[in-house]
Amino acid sequence: MYSPYHCNTRSKKDEEKLTPLECHDILCHIANAVLAGGIRRSAMIALFSQENEEMLTCKFGDWWELNEQRGRANNSVVLSRENTTEDEFQNLWKKIEMSGSGEPGFYFTNNMDWGTNPCCEIALRPFQFCNLCEVNVSDIESQEDLNERARAAAFFGTLQAGFTDFHYLREEWKLTTEQDALIGVGMTGIASCKVMEMDLNETADEVKKVNLDVSAKIGIEFAARCTTIKPSGTSSIVLGTSSGIHAWHNDFYLRRIRLGKNEAIYEYLKSFHPELLEDDFLNKKQAIIQIPQAAPKNSITRSESVMDLLERIKKFNEEWVRLGFRNGSNANNVSATVSIMDGDWEKVGKWMWDNKASYNGLSVLPYNPGSYKQAPFEDISAEQFYELERSLQEIDLSKVFEPDDMTELQAEAACAGGACAIT
């Protein structure tokens with residue numbers, strides 16, 4: 001969801017206006033209150049101009065200790081694709097490198113009034129939503145198999161585009177949603193390599209054909225933009241695939257997921273499979289499930305060069321995402337996080353500038369070999385994988401029973417509409 005309004009508070013006690021950073025911090029504190037089952041359910045992006053030094057540097061240094069709430073949002077500088085100079089970009093790139101956090105990100109746009117969603121895969125005009133579907137491409141068997149899966153996703157996405165009877169929102173949201181009738185058919189499991197030799201243009205055309213046919217039958221506009229690649233963090237876990245465009249972490253690794261200790265699944269795992277659990281070092285009310293993962297043979301892993309990842313991002317932007325574009329100031333995007341080793345920042349920055357017509361925005365991080373505690377991913381041996389995988393296979397969900405609603409009621413106000421919109 002993208003809204004051009006960031007804060008309704010008009011003044012401080014001395015009648016001065018709030019700064020953009022003050023508005024940003026207020027919204028980040030609000031996001032901390034958006035919980036369901038004791039787990040954060042908010043997603044935010046802050047888009048700002050390159051002249052705003054305060055926003056640009058708000059995640060430099062020890063920001064996590066002093067302003068933990070800023071971790072609720074991704075921060076990105078909005079850059080005019082046409083008017084930004086190479087010197088301006090390279091100066092920004094150097095600041096991103098020196099930040100130590102990979103922030104702020106940046107977003108190239110053809111229209112400064114447009115924005116994007118927190119993961120940066122969908123181009124959004126003000127007062128507009130994402131509408132995402134996804135295809136598992138890790139186990140496709142042929143071009144027709146890929147096309148058939150994409151047609152099914154386009155069908156469901158187009159049906160969803162007709163669901164515009166919104167509650168609690170102003171009329172602008174309904175009008176904008178109906179005008180563009182967006183769908184976002186994505187792919188996950190790309191790093192298993194089976195899709196790399198397929199004709200992505202052909203599949204994108206199939207998506208547009210289904211959208212045109214179904215939208216006409218149900219009486220809505222055809223989609224302005226149809227294809228994308230989203231991060232696919234949660235769905236890739238369910239499917240057992242790599243995440244979106246990203247490589248598998250390694251041949252064998254742990255993937256960590258947080259859960260509340262008040263949840264029924266925690267009590268079950270604690271009793272029957274404690275080897276899969278860790279206490280969360282940052283929050284005593286939470287635990288972490290350690291899920292063993294194994295990449296298929298001949299898959300792309302995180303040991304690939306950063307330039308190979310960038311070229312894969314470019315390929316799917318040009319051959320998949322841009323082929324699903326019909327109209328609008330910006331096309332959609334491949335959502336990706338690029339981990340950069342110390343010696344690679346200069347050549348990655350050059351690639352980013354030289355290829356700015358081939359993407360909208362990318363997130364970057366300093367490459368971390370996984371030395372910090374409870375990282376989202378951690379390498380393990382084959383022996384460790386098979387030992388933990390046996391425990392995973394023995395889980396019996398029929399023994400998980402929740403006699404009462406264990407949602408933390410003090411967190412209920414943020415989701416008073418009856419359901420959390422962030423899934």
Candidate set from segment 356-399 (those that are modelled with pLDDT of 90 or more and assigned to a loop (DSSP other than H, G, I, E, B)); member that is nearest to ASN110 (Cα to Cα): ASN360
Options ASP199, ASP145, ASP165: the member that is in the same structural domain as VAL338 (by TED's automatic domain parsing), of a type in the set (D, E, K, R) and touching a residue at least 12 places away in the same chain (Cβ under 8 Å): ASP199
Any hit, segment 59-67, residues being without any contact (Cβ under 8 Å) to a residue 60 or more places away in the chain, under 21 Å from ASN360 (Cα atoms) and not assigned by TED's automatic domain parsing to the domain that holds LEU259: no
Residue in segment 342-360 that is more than 18 Å from ILE313 (Cα to Cα), outside the structural domain of LYS95 (by TED's automatic domain parsing) and in contact (Cβ under 8 Å) with a residue 24 or more places away in the chain present: yes
Filter result for THR188 (in the same structural domain as LEU146 (by TED's automatic domain parsing) and of a type in the set (Ser, Thr, Tyr)): yes
Residue in segment 102-109 that is over 19 Å from SER80 (Cα atoms) and in contact (Cβ under 8 Å) with a residue 40 or more places away in the chain present: yes
Residue selected from segment 56-83 under the condition in a loop (DSSP other than H, G, I, E, B), of a type in the set (S, T, N, Q) and over 16 Å from ASN32 (Cβ atoms), by the criterion modelled with the lowest pLDDT: THR57
All positions within segment 49-96 that are of a type in the set (D, E, K, R), under 22 Å from the mean Cα position of the chain (by Cα) and more than 30 Å from ALA357 (Cβ to Cβ): GLU68, ARG70, ARG72
Residue list for segment 226-261, restricted to those being crowded, with 20+ Cβ neighbours inside 10 Å, closer than 14 Å to SER335 by Cβ and not hydroxyl-bearing (Ser, Thr, Tyr): ILE229, LYS230, PRO231, GLY244, ILE245, HIS246
Candidate set: segment 125-143, residues that are within 15 Å of the chain's Cα centre (by Cα) and of a type outside the set (Asp, Glu); chosen: the one surrounded by the fewest Cβ atoms within 10 Å (Cβ to Cβ): CYS130
Enumeration of residues in segment 208-226 that are touching a Lys or Arg at 6+ places or on another chain (Cβ under 8 Å), within 9 Å of THR158 (Cβ to Cβ) and among the aliphatic types (A, V, I, L, M): VAL210, ALA223
Segment 58-116: number of residues that are touching an Asp or Glu at 6+ places or on another chain (Cβ under 8 Å) and among the charged types (D, E, K, R): 2
ASP213 in a helix (DSSP H, G or I), assigned by TED's automatic domain parsing to the domain that holds SER339, free of Cβ contacts under 8 Å to residues at least 60 places away in the same chain and surrounded by fewer than 24 Cβ atoms within 10 Å (Cβ to Cβ): yes
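Residue-by-condition table, conditions (1) over 24 Å from PHE60 (Cα atoms); (2) small (Gly, Ala, Ser); (3) in a strand (DSSP E or B); (4) in contact with a Ser or Thr (Cβ under 7 Å, 6 or more places away or on another chain):
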{"site": "GLY102", "(1), (2), (3), (4)": "no, yes, no, yes"}
{"site": "ASP113", "(1), (2), (3), (4)": "yes, no, no, no"}
{"site": "GLU141", "(1), (2), (3), (4)": "yes, no, no, no"}
{"site": "ALA152", "(1), (2), (3), (4)": "yes, yes, no, no"}
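Would you please name the residue that is farthest from the chain's Cα centre (by Cα), looking only at residues in segment 223-271 that are in a loop (DSSP other than H, G, I, E, B) and acidic (Asp, Glu)?
For segment 223-271, the residue satisfying everything is GLU263.
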Every residue from segment 115-133 that is of a type in the set (Val, Ile, Thr) and in a strand (DSSP E or B): THR116
Residue that is nearest to LEU47 (Cα to Cα), among those in segment 15-35 that are surrounded by fewer than 18 Cβ atoms within 10 Å (Cβ to Cβ) and among the acidic types (Asp, Glu): GLU22
Residue list for segment 319-350, filter: in contact with a Gly (Cβ under 7 Å, 6 or more places away or on another chain) and either hydroxyl-bearing (Ser, Thr, Tyr) or part of a helix (DSSP H, G or I) (or both): SER335
Candidate set: segment 30-48, residues that are out of contact with any His (no Cβ under 7 Å at 6 or more places or on another chain), of a type in the set (A, V, I, L, M, F, W, C) and part of a strand (DSSP E or B); chosen: the one farthest from LYS356 (Cα to Cα): ALA36
When residues of segment 272-312 are limited to those that are outside the structural domain of TRP345 (by TED's automatic domain parsing) and part of a helix (DSSP H, G or I), the one nearest to ALA375 (Cα to Cα): LEU276
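The values are calculated or read from the model by the stated rules, or taken from the named source; none is laboratory data. Predicted model only: the values in this text are computed from it and were never measured. Methodologically, a virtual Cβ is constructed for each residue, glycine included, from the backbone with ideal geometry; neighbour enumeration extends over all protein chains shown.
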